[in-house]
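The values are calculated or read from the model by the stated rules, or taken from the named source; none is laboratory data. No experiment lies behind these values; they were computed from the predicted model shown. Every residue, glycine among them, receives a Cβ derived from its backbone with ideal geometry; neighbour counts consider all protein chains shown. Surface areas here come from the heavy atoms of the whole protein model, side chains and all, with no ligands, DNA or RNA. Shrake-Rupley method; radii C 1.70, N 1.55, O 1.52, S 1.80 Å.
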Amino acid sequence: MPAVMKRKMASSLSRSSFFSHGIKMAEGRPGKRRAVSPAAAPATKRSKLEETSSPFEGFPRPSPADVTKIHTALARHFGERRPGAKKPKRQILDTVVGTILSQNTTNTNSHRAFSQLMERFRNWDAVRTAKPKAVETAIKCGGLAPKKTKWIQHILRTIYKETGITSMEYLRKKSKSEVHAELERFTGIGKKTSAIINLFDVGHPDMAVDTHVFRYALQLGWAPTEKERSIHNKKKQGKPWPVVTRDTVYEHLDKACCQNPQSPEGIPGQAQVLYAPHPH
């Protein structure tokens, strides 16, 4: 197939749908961002939000204006993603497993691995009781199949032993911090996966930070440089700033983007449009 035709097909696919972390993401509608007052924003689980502090206390960026500016640019290009819209719920386990399969591979390969896993086993009970080799074969195209199989089956077997069913739908009744605690006890699940579950499945505003978002945060100046951190710590005023890592940037951006009462568009919509469109 000629290279030009391949590019056209890829462009067409990107406009109709895309996959992120092994799961299909809903397409937004590109266009001018509509102004929405906080009172008119869709209902979310804001009552369950727990206030946290930034590890970089006193660092001024991103400001509410910074977040809104980036949100506006992304929403115009990729389309709005507003919380509260009625749509079929996917199983939380779909997202958990899809995110594990997305690690250290491309969206294309992780989606293929997820699809092959479902075609081979149909449901999570079948995956839970399957022989590891059979699961490894199904997800091999996503890379690290033995490790990912071990993580996935451990999660499935643990929740079945604890609840009597192979499901994580009980997370929908948990608070934001409870979702993090419940998921992050498992090997293979970190803050990013927990934030994705909160944001796209449970409905809690959360700011998922992966390698790409971490890089963008540094490029935008939304996290302190090593020089800024060193200057702050030498002053010995307030709490010392920790090393800038994905986890510390997550805590900082979650505070700035998802716990900001000045967000004019509805906090979850901001976090979703900030996270979802970037290429993996």
>> Could you check the stretch 130-162 and list, in sequence order, the residues that are farther than 16 Å from His111 by Cα and either charged (D, E, K, R) or modelled with pLDDT under 95 (or both)?
In response: Lys131, Lys133, Lys147, Lys150, Arg157, Lys161, Glu162
> Going through the stretch 110-123 one residue at a time, which ones are closer than 16 Å to Val135 by Cβ and in contact with a Leu (Cβ under 9 Å, 6 or more places away or on another chain)?
Replying inline: Ser110, Ala113, Phe114, Leu117
> Taking Ile100, is it open to solvent by less than 70 Å² (accessible area, probe 1.4 Å), among the β-branched types (Val, Ile, Thr), modelled with pLDDT of 80 or more and over 26 Å from His180 (Cα atoms)?
Replying inline: no
> Out of Thr166, Thr158, which single residue is in a helix (DSSP H, G or I) and among the hydroxyl-bearing types (Ser, Thr, Tyr)?
Replying inline: Thr158
>> I'd like to know if the stretch 262-273 contains one or more residues that are at pLDDT 95 or above, within 17 Å of the chain's Cα centre (by Cα) and open to solvent by less than 60 Å² (accessible area, probe 1.4 Å).
In response: no
> Can we say Thr187 is more than 18 Å from His71 (Cα to Cα) and open to solvent by less than 10 Å² (accessible area, probe 1.4 Å)?
Replying inline: no
> Within the set of pairs 6+ apart or on separate chains, which have a first residue in the stretch 201-228 that is under 30 Å from Lys173 (Cα atoms) and of a type in the set (Gly, Ala, Ser), a second that is outside any loop (DSSP other than H, G, I, E, B) and open to solvent by less than 40 Å² (accessible area, probe 1.4 Å), and C-beta atoms under 6 Å apart?
Replying inline: Ala208/Lys192; Ala208/Ala195; Ala208/Ile196; Ala208/Tyr275
>> For the stretch 141-167, which positions are farther than 15 Å from Gly188 by Cβ and surrounded by 16 or more Cβ atoms within 10 Å (Cβ to Cβ)?
In response: Cys141, Tyr160, Thr166, Ser167
>> Return the residues of the stretch 113-140 that are crowded, with 22+ Cβ neighbours inside 10 Å and either in contact (Cβ under 8 Å) with a residue 40 or more places away in the chain or in contact with a strand residue (DSSP E or B) (Cβ under 6 Å, 6 or more places away or on another chain) (or both); say none if nothing qualifies.
In response: Ala113, Phe114, Trp124
